[in-house]
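Reading through the structure tokens given below for one structure.
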Amino acid sequence: MGLREFLADWSIPRQLAGQDASREAAESAASRLTRPRLEEADRVGTSICPYCAVGCAQLVYAKGDQVIHIEGDPRSPINQGTLCPKGAATFGWLTSPQRLTTVKYRAPYSDHWEDRPLDWAMDRIAHLMKRTRDETFVERLPDGMVVNHTLGMAELGGATLDDEENYLIKKLCNAGLGMVWIENQARI
């Protein structure tokens, strides 16, 4: 493409010459060929941003089994289609080749990580929690006061869970397991 063709295709000289900047004068050969990537989506799902307690709604566009775009949901009364920088980065971390998608385990004194099945990890967590609770559970203080608690574990809830889920987790940790230190990411 020569200088003359470049200038003819460049929108600024046409706009300076008085052509309507909101129409053809703002176009170029490249912009006429550009298509929105959302045209390729064959389905749209909804999600909630995983970063904080606000709970901004998101639209997740997919083509086949691949997510191709994530944006704020304009129907949401919470975020009205907007996302903060962390929420706008959801697509990047979701599709990153560095994202971990398997359970990683490093045995005590080991120098490397191993992939393990999710069922194995859940059983291991349950076993360790029960063992820790059994080893650290205190029924009564030395003065005889009933406390029924453990100081050997703590719980940090997630801000993307709804109120009901956080309520049930708190009840499980407090009344069921006797944990004293219970906090939620939404308050931090």
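Laboratory data are not the source of any read-out in this text; all were calculated from the coordinates shown. Fair warning: this is a prediction, and the values are worked out from it, not measured in the lab. Ideal geometry is used to build each Cβ from the backbone, glycine not excepted, and the neighbour counts take in all protein chains shown.
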Amide H proximity to K63 below 5 Å, modelled H, separation 5+ or other chain, gives D42, I68
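Calculate, in nm to one decimal, what R106 and R32 gain on full extension: separation in residues at 0.36 nm each, minus their alpha carbon distance. Before the final figure, lay out each step's value.
Numbers: separation 74, 0.36 × 74 = 26.64 nm, distance 5.32 nm.
Here the answer is 21.3 nm.
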Out of P97, P142, P13, a Gaussian network model of the chain with alpha-carbon springs under 10 Å gives the largest mean-square fluctuation to P13
Length-normalised contact order of segment 103-187, Cα under 8 Å, at least 6 apart, in percent, tallies to 22 percent
With Cα springs under 10 Å, the Gaussian network model of the chain assigns the largest mean-square fluctuation among M153, M129, M145 to M145
Interchain or sequence-distant (5+) residues whose placed amide H lies within less than 5 Å of the amide H of L161 are none
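Remind me, relative contact order of segment 72-131 in percent, using alpha carbon pairs under 8 angstrom and six or more residues apart? Numbers along the way, then the final one.
Working: 36 pairs, mean separation 10.0, N = 60.
Contact order relative to length: 17 percent.
Sort R14, R99, R124 by Cβ crowding within 10 Å, fewest neighbours at the top. Walk me through the numbers before you get to the answer.
Numbers: R14 19, R99 9, R124 13.
Neighbour counts put them in this order, fewest first: R99, R124, R14.
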For K171, the lysines lying under 19 Å Cα to Cα, once residues fewer than eight places off in the same chain are dropped, come out as K130
On each of the three principal axes the extent of the alpha-carbon atoms of segment 37-88, given in whole Å and largest first, is 31, 19, 15
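If I take every Cα pair under 8 Å that is 6 or more residues apart in the chain, average their sequence separation and divide by the length, what percent do I get for the relative contact order? Before the final figure, lay out each step's value.
On the way: 235 pairs, mean separation 23.6, N = 188.
Computed value for the chain: 13 percent relative contact order.
Would you mind calculating the gained length between T95 and L141 on full extension (0.36 nm times residue separation, minus the Cα-Cα distance), in nm to one decimal? Intermediate results must be reported in sequence, preceding the final value.
Numbers: separation 46, 0.36 × 46 = 16.56 nm, distance 5.14 nm.
Working it through step by step, the gained length comes to 11.4 nm.
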As straight-line cross-link partners of K63, the qualifying lysines (C-alpha separation under 24 Å, not fewer than 8 residues apart within one chain) are K86
Summing -39500 (n - 2.57) over every DSSP H run of at least 4 residues in the chain and dividing by its residue count gives a helix-only mean residue ellipticity at 222 nm, to the nearest 500 deg cm²/dmol, of -8000 deg cm²/dmol
With bins of 10 Å, the percent of all Cα-Cα pairs of segment 51-188 per bin from 0 is 10, 24, 30, 23, 10, 3, 0
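Starting from the eigenvalues of the Cα gyration tensor, five times each then square-rooted, give me the equivalent ellipsoid semi-axes of segment 15-104, largest first, whole Å. Display every interim value, and only then the final one.
Values: eigenvalues 216, 66, 33 Å².
Ellipsoid semi-axes (Å, largest first): 33, 18, 13.
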If one builds a Gaussian network model of the chain from Cα atoms under 10 Å apart, the most fluctuating residue listed among V54, V67, V138 is V138
For K170, the aspartates and glutamates lying under 14 Å Cα to Cα, once residues fewer than eight places off in the same chain are dropped, come out as E155, D162, E183
Within the under-14-Å Cβ sphere about W10, not counting W10, Lys/Arg +1 and Asp/Glu -1 give a net charge of -1
